[in-house]
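K.L.:
Let me begin by handing over the structure; questions about it come next.
None of the figures in this text is laboratory data; all of them are computed from the coordinates on show. Here the structure is a predicted model, which means the values were calculated and not measured. Positions of Cβ are backbone-derived with ideal geometry, glycine not excepted, and every protein chain shown enters the neighbour counts.
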Amino acid sequence: MTFAASTINVETHRLPFEAQHDGRFKGQSILSISQFNLDDLGYVFDVAEEFRLMVKRVGSLNLLRGYILANLFYEPSTRTSSSFLAAMQRLGGTAIPINEVRYSSVSKGESLPDTIRTLEAYADVIVLRHPEVGSAALAAQYARKPIINAGDGIGEHPTQALLDLFTILQERGGISGLTVTMLGDLKYGRTVHSLAKLLSLFDVQINYVSPEILRMPADLVSQLAAKGTRQAEYTDLREVLGATDILYVTRIQKERFTDPAEYDSVKDSYVITPEIMAQARPNMVLMHPLPRVGEISMDVDSDPRAAYFRQMEYGVYVRMALLALVLGKA
Ligand code: ASP
Ligand code: CP
């Protein structure tokens, strides 16, 4: 199968590149969003858009027939694990799902490197979610097959950032000049770490709104500042809501707190309600990586600006693209 470089309408998406399809991801691991430049994004989104249209038209393909994905999850997941499985199956491949390492030899004390060595003997690509920062990079050191980071502790969630940007492009048609406000747990939330780095490739304003104790890590803010990204920090959403084009809400990451009292002190900091949406721009896009546990009220779901369920669906197409690319089949 070949993809025309014009599949994603560069005009519509206003991304400053012309994607070159040169097999650059073949055999590569996807560990951090920092691996991607503008040209790479064009490449990935071009393929993702093609798959989106093909799934709508024909449901599934045979592109990865005979290929096997190992889905290795040391932490809970609904979307990332199921969407990678769905992506593999829609491309005609099969999967070994290990969603509960408790029932694997990990519970006998097997190390991550040995678990990776085992799975790569059976599979062609490994998707890994693990509680420790740097775990995907460590796994990649021991693997001869591509590792895809599906979340490494409070570090990164690069495939989420790709689907988040794909969502922004689909919803708004472009990225340049937008104001993106990230809300909630910016300290422990790995999705916002990856997304902020990804957005720094574009001309955007990023606002960080969080409780004092959950601010975006200072080293990440300085890294982006050094690249010239415009950023500002707040604790009150009302200060920036009216100027926001994309509101990216996050869950307070309860599982990362060592002190339950500290979690209790911040857990209800922000809740998006219809009253708050009434003060937002008519074309604002409301996003959330999900799961939500109260930070967006269910009354908001019927608002056309609520994009979080569409965002989730876009994840399948982006993950189909990533699997096909690292396996050298796109
Ligand atoms: N599902 C996302 C993650 O695994 C966000 C969240 O759990 O709050 O990082
Ligand atoms: N967004 C996300 O990663 O969801 P899961 O934790 O359900 O995989």
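K.L.:
Starting from the amide H of residue 148, placed 1.01 Å from N in the peptide plane, find each other amide H under 5 Å away whose residue is 5 or more places distant or on another chain.
P.N.:
30, 126, 127, 128
K.L.:
Within the range 184-330, how many lysine pairs that are 8 or more places apart, or on different chains, have C-alpha atoms less than 24 Å apart?
P.N.:
Lysine pairs meeting both conditions in the range 184-330 amount to 7.
K.L.:
Can you tell me the length gained on complete extension of the stretch residue 297 to residue 89, counting 0.36 nm per residue apart and subtracting the Cα distance?
P.N.:
Contour length minus Cα-Cα distance gives 71.6 nm.
K.L.:
Quick one: dipole size for the range 78-156, taken about the Cα centre, charges +1 on Lys/Arg Cβ and -1 on Asp/Glu Cβ, in debye to the nearest 20.
P.N.:
That gives a dipole near 200 debye.
K.L.:
In addition: Once a ≥ b ≥ c are taken as the square roots of the eigenvalues of the Cα gyration tensor of the chain, is the result rounded (a/c under 1.5), prolate (a/b larger than b/c) or oblate (a/b not larger than b/c)?
P.N.:
oblate
K.L.:
Same structure, new question: Counting only C-alpha contacts under 8 Å and six or more residues apart, can you give the relative contact order of the range 126-177 as a whole percent?
P.N.:
Reported as a whole number, the value is 31 percent.
K.L.:
Right, here's the next one. Using a Gaussian network model on the chain with a 10 Å cutoff between Cα atoms, which of 118, 250, 191 fluctuates the most?
P.N.:
It is 118.
K.L.:
Starting from the Cα-Cα distance between residue 118 and residue 278, subtract it from 0.36 nm times their residue separation and give me the gain in nm to one decimal.
P.N.:
52.3 nm
K.L.:
Using the Cα centre of the range 205-293 as the reference point, and only Cβ charges (+1 on K/R, -1 on D/E), how large is the resulting charge dipole? Debye, rounded to the nearest 20.
P.N.:
That gives a dipole near 360 debye.
K.L.:
Going toward the positive end of the dipole of the range 215-330, with +1 on Lys and Arg Cβ and -1 on Asp and Glu Cβ, which of 225, 294, 272 do you reach last?
P.N.:
Towards the positive end, the residue furthest out is 225.
K.L.:
How large is the helix-only mean residue ellipticity at 222 nm for the chain, computed as the sum of -39500 (n - 2.57) over DSSP H runs with n ≥ 4, divided by its residue count, in deg cm²/dmol to the nearest 500?
P.N.:
Mean residue ellipticity at 222 nm (helix-derived): -11000 deg cm²/dmol.
K.L.:
I want to check the label-to-label distance for residue 309 and residue 258. Put each point 7 Å from Cα in the C-beta direction and report it in nm to one decimal.
P.N.:
Here the modelled spin labels are 4.1 nm apart.
K.L.:
Ok, one more. Pull out a ≥ b ≥ c, the square roots of the eigenvalues of the alpha-carbon gyration tensor of the range 216-330, then state rounded if a/c is under 1.5, prolate if not and a/b is larger than b/c, and oblate in the remaining case.
P.N.:
rounded
K.L.:
When a/c reaches 1.5 or more, the comparison of a/b and b/c decides; with that in mind, is the range 142-185 rounded, prolate or oblate per its Cα gyration tensor?
P.N.:
Oblate, since a/c reaches 1.5 and b/c is not below a/b.
K.L.:
Using +1 on the beta carbon of Lys and Arg, -1 on that of Asp and Glu, and nothing else charged, what's the dipole of the chain about the Cα centre, debye to 20?
P.N.:
Charge dipole of the chain: 940 debye, to the nearest 20.
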